[in-house]
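The values are calculated or read from the model by the stated rules, or taken from the named source; none is laboratory data. The structure displayed is predicted, hence computed values, not measured ones. Here Cβ is always computed from backbone atoms with ideal geometry, including for glycine, and neighbour counts include all displayed protein chains. With ligands, DNA and RNA removed, areas are computed over all heavy atoms of the protein, side chains included. Shrake-Rupley method; radii C 1.70, N 1.55, O 1.52, S 1.80 Å.
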Amino acid sequence: MNDVWTLMLDSFWPMLLAGLTGTIPLSLASFAIGLVIALGMALLRLSRNVVLSGFARFYISVIRGTPLLVQLFVIFYGLPAVGVVIDPFPAAIIAFSLNVGGYAAEVIRAAILSVPRGQWEAAHTVGLSYRKTLTRIILPQAARVSVPPLSNTFISLVKDSSLASLILVSELFRQAQNIAAFSYEFMAVYLEAALIYWLFCLVLSFAQNALEKRLDRHVAH
């Protein structure tokens with residue numbers, strides 16, 4: 001039993017470091033790129049152009065209708081069959097970004113639609129262009145509405161990033177796999193990895209609550 005506790009103490013910092021240098025950067029990069037994709041898809045969904053709207057619908061349907069693991073494997077293991085070879089870390093970012101883009105697009109679209117139509121009409125009355133109306137009036141209001149669901153998306157992404165270990169990305173769960181394979185203490189090591197993921201999610205949840213309260217005060221004023 002003492003050996004197990006010693007192992008857990010010795011492995012805690014390597015796993016935590018792998019999370020801070022692998023899991024979190026992977027999640028942040030994927031989420032940032034995914035938000036850009038999501039905004040583009042949301043605007044295309046709202047477009048009156050049938051082709052553009054149809055393309056966005058198709059993209060969102062494919063992403064939401066297929067497992068993230070399959071998407072990850074298609075990019076890392078499938079693309080080399082057509083001559084496109086991508087290293088593990090960039091492949092994970094691409095897969096996670098595309099996935100976030102598909103899910104967050106509907107969140108952003110709903111947030112944009114939640115802004116009263118009168119805001120668009122008032123902006124048009126004072127001569128603002130579509131782009132200025134969108135960037136100066138609509139999106140700032142939509143951002144407040146979308147913070148809670150997008151924050152939940154990011155927290156889920158942090159947990160889903162463990163799938164990157166299957167394509168040999170050096171992150172928290174990959175480090176746990178290496179330690180467990182060396183020590184044969186699978187239960188203890190994987191429970192410790194779960195604890196670290198839980199701690200990450202707790203911190204992110206506190207940050208989410210703080211951001212929501214700050215936005216609520218801003219809206220109240």
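From 194, 188, grab the single residue that is within 28 Å of residue 74 (Cα to Cα) and either open to solvent by less than 60 Å² (accessible area, probe 1.4 Å) or hydrophobic (A, V, I, L, M, F, W, C) (or both). Exactly one residue qualifies, and that residue is 194. Residues considered: 149, 88, 116, 80. Of these, the only one that is touching a helix residue (DSSP H, G or I) at 6+ places or on another chain (Cβ under 8 Å), over 17 Å from residue 39 (Cβ atoms) and not charged (D, E, K, R) is 88.
Taking segment 122-184 as the region of interest, the helices (runs of 4 or more DSSP H) fully inside it that hold 2 or more residues being open to solvent by less than 50 Å² (accessible area, probe 1.4 Å) are 139-160, 172-183.
Cβ separations smaller than 8 Å between residues 6+ apart or across chains give the following pairs from segment 81-97 residues that are at negative phi to residues that are of a type in the set (D, E, K, R) and part of a helix (DSSP H, G or I): 96/160. Restricted to helices (runs of 4 or more DSSP H) entirely inside segment 1-119, those with at least 3 residues that are more than 24 Å from residue 192 (Cα to Cα), at pLDDT 95 or above and open to solvent by 30 Å² or more (accessible area, probe 1.4 Å) are 24-46, 50-65, 88-114. On inspection, residue 210 passes the criterion of being modelled with pLDDT under 90, in a helix (DSSP H, G or I), of a type outside the set (Lys, Arg) and open to solvent by less than 70 Å² (accessible area, probe 1.4 Å).
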